[in-house]
Amino acid sequence: QAQLVEPGGGLVQAGGSLRLSCAPSGRISGINVMGWFRQAPGKQRDLVAKISSGGTATYAESVKGRFTISRDGSKNIVYLQMDSLKLEDTAVYYCNMETIWSRSYWGQGTQVTVSS
């Protein structure tokens, strides 16, 4: 069964930038919406951003103007460009892909740590 692989996490200073990417390890057909979620210790897993097959992006209010989601549909890759990072952005970030048949695939999570 295909899994989503998420390189790109790491440690960055506040105000810095980081780019996450995610792609399936195998073939997944019918991908519709792609998105990124994050979960900080003791908190719920929340939507950060999502992008439709047509390229329409939606962002959580906390990241608007700082994060940009994009996708390469031909390669089933989703990216999250994170700029002006804040301490509160520290979390495990998970990518998600949902097919047109409403089946969801998840990445294993990648740690993003923002330091002062």
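Summary of computed values
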| quantity | calculated |
| --- | --- |
| Summed residue charge, Cβ within 10 Å of Asp83's Cβ, Lys/Arg positive, Asp/Glu negative | +2 |
| In Hz, Karplus ³J(HN,Hα) per residue of the stretch 51-67 (6.51, -1.76, 1.60; θ = phi - 60°; x = Gly, Pro) | 9, 7, 4, x, x, 7, 9, 10, 10, 5, 4, 5, 10, 4, x, 10, 10 |
| Straight-distance crosslink candidates among lysines, where the alpha carbon sits under 25 Å from Lys64 and sequence neighbours closer than 8 are dropped | Lys43, Lys50, Lys86 |
| Per-residue ³J(HN,Hα) for the stretch 20-26, Karplus 6.51 cos²θ - 1.76 cosθ + 1.60, θ = phi - 60°, Hz, x for Gly and Pro | 9, 9, 7, 8, x, 7, x |
| The stretch 78-116: chymotrypsin sites (Phe, Trp or Tyr not before Pro) falling in loop per DSSP and having at most 15 other Cβ within 10 Å | Trp101 |
| Around Ala57: net Lys/Arg minus Asp/Glu count, Cβ-Cβ under 12 Å | +3 |
| Full-stretch length increase - Leu11, Ala57 - with 0.36 nm per residue and alpha-carbon distance subtracted | 14.0 nm |
| Ser84, Ser102, reordered so the largest accessible area comes first (probe 1.4 Å) | Ser102, Ser84 |
| Accessible area of Arg45 in the full protein assembly, 1.4 Å probe (Å², nearest 10) | 90 Å² |
| In Hz, Karplus ³J(HN,Hα) per residue of the stretch 88-97 (6.51, -1.76, 1.60; θ = phi - 60°; x = Gly, Pro) | 6, 7, 4, 5, 8, 9, 10, 8, 9, 9 |
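The values are calculated or read from the model by the stated rules, or taken from the named source; none is laboratory data. Just so it is clear, the structure is predicted and the values come from calculations on it, not from any experiment. Quick reminder, even Gly has a Cβ in these numbers, built from the backbone with ideal geometry, and neighbours come from all protein chains shown. Accessible surface areas use protein heavy atoms only, side chains included; no ligands, DNA or RNA. Shrake-Rupley method; radii C 1.70, N 1.55, O 1.52, S 1.80 Å.
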